[in-house]
Ligand SMILES: [Zn+2]
């Protein structure tokens with residue numbers, strides 16, 4: 001097992017009920033595939049106690065705390081921020097704030113989403129933690145907001161999770177210092193825009209993730225996704241870039257470790 005190149009699944013949701021039945025088997029498969037650590041993303045604060053239990057159960061798991069833009073109904077102003085701050089202070093396994101962001105594909109409430117996003121960016125800045133940014137059909141307002149945030153003298157570090165935009169947008173997020181994360185969509189034959197991004201992204205600025213249980217990569221497309229499948233994502237990127245699997249595994253792992261301090 002030690003001869004396998006190390007992989008990191010930088011974004012998964014194994015707290016979801018679809019993993020209830022067979023999580024031990026899922027874990028043995030990710031260990032067999034060489035997945036050395038995982039970052040569990042949080043979509044809303046009520047999940048935190050259960051995610052924490054998963055971190056107790058699987059020592060290679062770290063997690064984020066945050067509120068997803070499609071869950072703004074759970075937002076309770078400073079109360080929510082207090083919960084997130086407390087969770088981050090209490091447990092050193094909290095390595096990021098998120099997922100946070102904007103989603104204008106499934107929802108239209110931009111102002112409300114911004115109201116939930118901004119305080120979380122401030123919290124990440126206060127705690128000196130990276131952010132996990134969910135951004136769907138919202139690159140322009142997201143760039144505007146992040147630029148304003150930076151111009152006000154604050155720092156932003158983090159990742160554009162499950163990247164689905166074009167090369168021009170990607171370059172703007174890279175210019176802000178963000179990392180770009182590729183999910184199972186990079187394995188889809190028709191996703192040419194994402195292939196182009198995976199081809200040109202700098203070697204020291206990309207991560208790989210499954211976003212399990214969503215978006216299973218080819219050849220498992222349509223099934224439940226799981227962390228072991230991050231291997232297929234690394235393979236696709238290796239093929240697109242004409243590099244070896246080992247080099248993609250090594251640099252994506254080093255990038256995840258640099259950004260999140262993962263083991
Ligand atoms: Zn996610």
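All of the numbers you see were taken from the coordinates with simple rules; none came from a lab. This structure is a prediction, so every number in the text was calculated from the model and none was measured. Here the Cβ is made from the backbone with ideal geometry for all residues, glycine too, and neighbour counts use every protein chain on show.
Under the condition of being surrounded by fewer than 21 Cβ atoms within 10 Å (Cβ to Cβ), at negative phi and away from the ligand (no atom under 16 Å from the Cβ), the residues counted in the range 134-164 number 16.
Of all residues in the range 62-83, which are within 15 Å of the ligand (Cβ to nearest atom) and either assigned to a helix (DSSP H, G or I) or free of Cβ contacts under 8 Å to residues at least 60 places away in the same chain (or both)? Within the range 62-83, 63, 65, 67, 69, 70, 71 meet the criteria. Among the residues making up the range 215-235, those that are closer than 13 Å to residue 182 by Cα and out of contact with any strand residue (DSSP E or B) (no Cβ under 8 Å at 6 or more places or on another chain) are 215, 216, 217, 232, 235. Here's a check for you: in the range 86-105, which residue that is within 16 Å of the chain's Cα centre (by Cα) and within 21 Å of residue 72 (Cβ to Cβ) is nearest to the ligand (Cβ to nearest atom)? Going through the qualifying residues, I end up with 99. Are any residues in the range 232-262 without any contact (Cβ under 8 Å) to a residue 60 or more places away in the chain and surrounded by 18 or more Cβ atoms within 10 Å (Cβ to Cβ), and if so, which ones? The answer is 232, 233, 236, 237, 240, 248, 251.
Between 41, 87, the distinction of being in contact (Cβ under 8 Å) with a residue 24 or more places away in the chain and closer than 20 Å to residue 136 by Cα belongs to 41 only. Considering only the range 240-251, I want to know if a residue exists there that is more than 13 Å from the chain's Cα centre (by Cα) and under 30 Å from residue 125 (Cβ atoms). Yes, some residue in the range 240-251 is more than 13 Å from the chain's Cα centre (by Cα) and under 30 Å from residue 125 (Cβ atoms).
The residue that is surrounded by the most Cβ atoms within 10 Å (Cβ to Cβ), among those in the range 106-133 that are under 15 Å from the mean Cα position of the chain (by Cα) and within 16 Å of the ligand (Cβ to nearest atom), is 132. Where helices (runs of 4 or more DSSP H) fall entirely within the range 131-250, those with at least 2 residues that are farther than 30 Å from residue 85 by Cβ are at 167-175, 192-200, 230-241. Would you confirm whether or not the range 40-59 contains a residue that is crowded, with 17+ Cβ neighbours inside 10 Å and more than 27 Å from residue 26 (Cα to Cα)? No: the range 40-59 contains no residue that is crowded, with 17+ Cβ neighbours inside 10 Å and more than 27 Å from residue 26 (Cα to Cα). With respect to residue 35, determine if the residue is closer than 21 Å to residue 117 by Cβ and in contact with a strand residue (DSSP E or B) (Cβ under 8 Å, 6 or more places away or on another chain). Criteria not met by residue 35. Residues in the range 1-55 that are in a loop (DSSP other than H, G, I, E, B), within 23 Å of residue 249 (Cα to Cα) and within 16 Å of the ligand (Cβ to nearest atom): 13, 14, 41.
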